[in-house]
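Asks: Handing you this structure, nothing more for now.
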Amino acid sequence: MGINLVQFQKGLSMGQFMERYGTEEKCHAAVVALRWPDGFVCPDCGETRHCAFERKGLTYWQCSACREQTTVMCGTIFEATKLPLTTWFLAMHLLTQAKNNVSALELKRHLGVRYKTAWLLKHKLMQIMSEREASRQLDGRVEIDDAYLGGELPGGKSGRGSENKVSFIAAVETTETGGPLRVCLKKLEFTKEAIAEWAKTALAASAHVVSDGLWCFKAVTGSGATQERS
Ligand SMILES: [Zn+2]
């Protein structure tokens, strides 16, 4: 998947949506703008010089260096699809704007496709949305704490240092007043190196970390985040 899901503006009405993405040409142009915001880049060699031509209603870009021909859909979820882009876009709009879960049956009705098609569309799109959500970094005020799971051997130490327990870092992005927004749990050994590595992927550089001050938590500042003891 070489392309992010088209990010629709929140609260886009159906009328505004149709105006922007109501035709195959408009959807195609949106995918081009998203994939190549600064113009064509060859997916094989990175060259930008190219020529473009139409074949069977599709625009092909031919790289001037390696001669590879590609459509904007190659390497994206739209590759090899038999559905019009307008159907994909409408499905994305319905799934991202809905407050509640949209059933495959509802999708089938709105899109005018077979149930199986609606089901597949829904699951492909949901998967991409959850992958994107999982890779999004925590930002703003983030509370971190250490957490442990698992049993103890009789006579084992209790608390942080105990044996046979799996250690996790628990990070919660909160509102300014401490209301929880998103949670990230990650299995981790509490060393400076492991915390620094985790912070690089899990925290945005503008995050402000609040913790009870387990000594190794200071290492989050390696990602650019600031840290304070609560
Ligand atoms: Zn090329």
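Asks: Determine, yes or no, whether Glu24 is within 13 Å of the ligand (Cβ to nearest atom), in contact (Cβ under 8 Å) with a residue 12 or more places away in the chain and either more than 20 Å from Met129 (Cα to Cα) or assigned by TED's automatic domain parsing to the domain that holds Leu121 (or both). Steps first, please.
Replies: On the way: within 13 Å of the ligand (Cβ to nearest atom): no; in contact (Cβ under 8 Å) with a residue 12 or more places away in the chain: yes; either more than 20 Å from Met129 (Cα to Cα) or assigned by TED's automatic domain parsing to the domain that holds Leu121 (or both): yes.
Spelling it out, it is not the case that Glu24 is within 13 Å of the ligand (Cβ to nearest atom), in contact (Cβ under 8 Å) with a residue 12 or more places away in the chain and either more than 20 Å from Met129 (Cα to Cα) or assigned by TED's automatic domain parsing to the domain that holds Leu121 (or both).
Asks: For Gly75, indicate whether it is within 19 Å of the chain's Cα centre (by Cα) and more than 30 Å from Leu185 (Cα to Cα).
Replies: The answer is yes for Gly75.
Asks: I'd like the full set of residues that are surrounded by fewer than 10 Cβ atoms within 10 Å (Cβ to Cβ) and modelled with pLDDT of 70 or more, limited to the range 135-178.
Replies: Ser135, Glu176, Thr177
Asks: Across the range 189-224, which residue is farthest from Arg132 (Cα to Cα) among those that are of a type in the set (Val, Ile, Thr) and free of Cβ contacts under 8 Å to residues at least 40 places away in the same chain?
Replies: First pass over the range 189-224, keeping only residues of a type in the set (Val, Ile, Thr): 191, 195, 201, 209-210, 220-221.
With the extra rule that they be free of Cβ contacts under 8 Å to residues at least 40 places away in the same chain, the set shrinks to 191, 195, 221.
Numbers: Thr191: 28, Ile195: 22, Thr221: 24 Å.
Among residues in the range 189-224 that are of a type in the set (Val, Ile, Thr) and free of Cβ contacts under 8 Å to residues at least 40 places away in the same chain, the one farthest from Arg132 (Cα to Cα) is Thr191.
Asks: Restricted to the range 27-72, and to residues that are charged (D, E, K, R) and at pLDDT below 90, which residue is nearest to the ligand (Cβ to nearest atom)? Let's see the steps before the verdict.
Replies: We begin by selecting, within the range 27-72, every residue charged (D, E, K, R); these are 35, 38, 44, 47, 49, 54-56, 67-68.
Restricting the remaining residues to those that are at pLDDT below 90 gives 35, 55-56.
Working: Arg35: 15, Arg55: 18, Lys56: 22 Å.
Here the residue is Arg35.
Asks: To continue, here is another question. Considering the range 188-230 alone, what residues qualify as being surrounded by 12 or more Cβ atoms within 10 Å (Cβ to Cβ) and assigned to a strand (DSSP E or B)?
Replies: Leu203, His208, Val209, Val210, Ser211, Thr226, Gln227, listed by residue number.
Asks: If a residue has to be surrounded by 13 or more Cβ atoms within 10 Å (Cβ to Cβ) and within 26 Å of Tyr21 (Cα to Cα) to count, how many in the range 33-58 make the cut?
Replies: Final tally of qualifying residues: 7.
Asks: Among the numbered criteria (1) within 16 Å of the ligand (Cβ to nearest atom); (2) free of Cβ contacts under 8 Å to residues at least 60 places away in the same chain, which single criterion is violated by Gly75?
Replies: (2)
Asks: Could you tell me whether Trp36 is closer than 19 Å to Leu121 by Cα, hydrophobic (A, V, I, L, M, F, W, C) and either in contact (Cβ under 8 Å) with a residue 12 or more places away in the chain or in contact with a strand residue (DSSP E or B) (Cβ under 8 Å, 6 or more places away or on another chain) (or both)? So that I can check it myself, show each step before the final result.
Replies: On the way: closer than 19 Å to Leu121 by Cα: no; hydrophobic (A, V, I, L, M, F, W, C): yes; either in contact (Cβ under 8 Å) with a residue 12 or more places away in the chain or in contact with a strand residue (DSSP E or B) (Cβ under 8 Å, 6 or more places away or on another chain) (or both): yes.
Taking the combined requirement at face value, the residue does not satisfy it.
The values are calculated or read from the model by the stated rules, or taken from the named source; none is laboratory data. Quick caveat, the model's predicted, so the values are computed rather than measured. FYI the Cβ positions are ideal-geometry reconstructions off the backbone, even for glycines, and counts take in every protein chain you see.
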